[in-house]
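Take a look at the structure set out below.
None of the figures in this text is laboratory data; all of them are computed from the coordinates on show. None of these values were measured; they are calculated from a predicted model. Here the Cβ is made from the backbone with ideal geometry for all residues, glycine too, and neighbour counts use every protein chain on show.
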C-alpha cells in the first residue's frame, strides 16, 4: 500500500515539474512550483527525513514562493511604468 502511494507521489512530482516549466502564466507557474515543493516535502517525510522535509517546506514552499511572487509583481509594475512613459 505504501509503495503505491509513494509511486503516485513520484508521478505527481514529475507532473508538477513539467507543469511548472510548460505553463505560460507566471503566477500559475509559481503556484505549481509551490505544489512541487509540497510534494517533495511529503516524499522526504515518507523517507523519514523529517529535518529535510521541514527545511523544504519552509524554504521551498514558503520562502521561494514569496520571493518569486514579489519579483514577478515588481517587474510587472516596472514594465507597466515604462509602457506608460512611452
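Looking at the stretch 22-38, I want the residues that are without any contact (Cβ under 8 Å) to a residue 12 or more places away in the chain and on the phi < 0 side of the Ramachandran plot and have a partner that is surrounded by 15 or more Cβ atoms within 10 Å (Cβ to Cβ) and in a helix (DSSP H, G or I) with Cβ atoms under 7 Å, at least 6 apart or on another chain. Which pairs are those?
Going by the 7 Å Cβ cut-off, the qualifying pairs are 23/29; 23/32; 29/20.
Those residues that are in contact with a helix residue (DSSP H, G or I) (Cβ under 7 Å, 6 or more places away or on another chain) and either exposed (fewer than 13 other Cβ atoms within 10 Å of the Cβ) or closer than 18 Å to residue 15 by Cβ (or both), I need them from the stretch 57-86; list them, please.
Within the stretch 57-86, 60, 61 qualify.
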